[in-house]
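See structure below.
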């Protein structure tokens, strides 16, 4: 029996409810029940009515059960997907936590933490000066100066409010890994245990100092994961390789002197170099520090520990930086250099777009991978790793600029 036949027997329309089915059945059963209807066809008619009634009820129950099972299956699918999302979030959190822990134990952590403390102090001093200076100038020069510099008062007041809200943690950014005892050991630079290896930086010298560590990476695959509209994430599958290069006490000492020269030069030039542009003072400090440290190491007979950073890719990007900054600078009078108002626009483009454009332009050429190899000849192990596709750092915006700079300094 089909549903259409059962509906016809009971006089129902398709899709009748359970209540309508029972009402129609009771009406027809009372009419055709053999005990109440003496007609010859009453019994067969009653049987058809009963059969149609049970068929429709069982069909409704089956449909209801099917709907229930469908809902259960859908709920199970949603539960599993939510579980997968939760597990992915937990894994990402764990990876982030492990990365933060590795960074905290790295050599750069103390340097960046010190810079953060200095930055917090500078912000506090600027906020106080921004509020006080306009009033002092108004008293010393003339009251109209206050109206011209009221903007600084507003900015300074906002910064002071911001700092006050975070006063308990403003100068609690974390603890340094380097304690005073460790610092004294670093300054004294005691001789280490001679390993019998040859120093990589001083000819015919035994490695009895602290080894220099280099980390190279190799990008194996890039996968873009989509979590919906405007929510995408690039996942890099990479392989890291850590190298420990034996170093003599002499090489360790002169490398430290080299780093000191670079830091002093970068700090000193912005203060004392007589040109208007602060950015060009910093660039001049980097160039001067590099040249001075090069000649000092040459005279001392020690190879540079950061020569592996000098790659064709780095030189091309450096030339683009210099060219872009020269394009928005003008020289004069004398040897003075000043920069136009397009500075921040150009810096944003260099930091955020240069790496992408570099890969788009040079990525199609067969010599692209060779542009990540050092120009200065390295040891056999390093050369083999670079030939195998390893590189100094991942080409990411901002990071690809700051990482080589930090490695070059320290």
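The values are calculated or read from the model by the stated rules, or taken from the named source; none is laboratory data. These numbers come from a predicted model, not from an experiment. Note: ideal-geometry Cβ built from the backbone for every residue, glycine included; neighbour counts use all protein chains shown.
Restricting the first residue to segment 28-53 and requiring it to be more than 25 Å from residue 15 (Cα to Cα), which pairs with a second residue that is assigned to a helix (DSSP H, G or I) meet a Cβ separation below 7 Å and a spacing of at least six or different chains?
33/46; 34/42; 34/43; 34/46; 36/30; 37/31; 42/32
Is at least one residue of segment 264-276 under 30 Å from residue 367 (Cα atoms) and touching a helix residue (DSSP H, G or I) at 6+ places or on another chain (Cβ under 9 Å)?
No, segment 264-276 has no match at all.
Got a sec? Which of 194, 234 is over 24 Å from residue 289 (Cβ atoms), at pLDDT below 85 and part of a loop (DSSP other than H, G, I, E, B)?
After applying the criteria, what remains is 194.
I need the full set of residues from segment 237-266 which are in contact with a strand residue (DSSP E or B) (Cβ under 9 Å, 6 or more places away or on another chain) and closer than 14 Å to residue 294 by Cα, in order please.
Within segment 237-266, 251, 255 qualify.
Looking only at segment 130-148, count how many residues are surrounded by 15 or more Cβ atoms within 10 Å (Cβ to Cβ) and outside any helix (DSSP H, G or I).
Result for segment 130-148: 0.
Of the residues in segment 286-302, how many are within 20 Å of residue 321 (Cα to Cα) and surrounded by 15 or more Cβ atoms within 10 Å (Cβ to Cβ)?
Residues in segment 286-302 being within 20 Å of residue 321 (Cα to Cα) and surrounded by 15 or more Cβ atoms within 10 Å (Cβ to Cβ): 4 in total.
Give the residue that is farthest from residue 386 (Cα to Cα), with candidates limited to residues of segment 240-269 that are surrounded by fewer than 15 Cβ atoms within 10 Å (Cβ to Cβ) and free of Cβ contacts under 8 Å to residues at least 24 places away in the same chain.
Per the criteria, the residue is 268.
Take segment 270-285 and flag every residue that is touching a residue at least 24 places away in the same chain (Cβ under 8 Å) and either surrounded by 15 or more Cβ atoms within 10 Å (Cβ to Cβ) or under 30 Å from the mean Cα position of the chain (by Cα) (or both).
Hits for segment 270-285 are 275, 277, 279, 280, 283.
Sort through 129, 147 and tell me the only one that's in contact with a helix residue (DSSP H, G or I) (Cβ under 8 Å, 6 or more places away or on another chain) and over 30 Å from residue 104 (Cα atoms).
From the options 129, 147, the qualifying one is 129.
Residues that are modelled with pLDDT under 75: which helices (runs of 4 or more DSSP H) entirely in segment 1-109 hold 1 or more of them?
3-10, 42-104
What do you reckon, is residue 115 surrounded by fewer than 14 Cβ atoms within 10 Å (Cβ to Cβ) and at pLDDT below 90?
When the stated conditions are applied, residue 115 passes them.
Any residue at all in segment 364-373 that's crowded, with 18+ Cβ neighbours inside 10 Å and closer than 23 Å to residue 245 by Cβ?
Yes, that holds for at least one residue.
Among the residues of segment 322-331, is there at least one that is more than 15 Å from residue 396 (Cα to Cα) and modelled with pLDDT under 90?
For segment 322-331, residues more than 15 Å from residue 396 (Cα to Cα) and modelled with pLDDT under 90: present.
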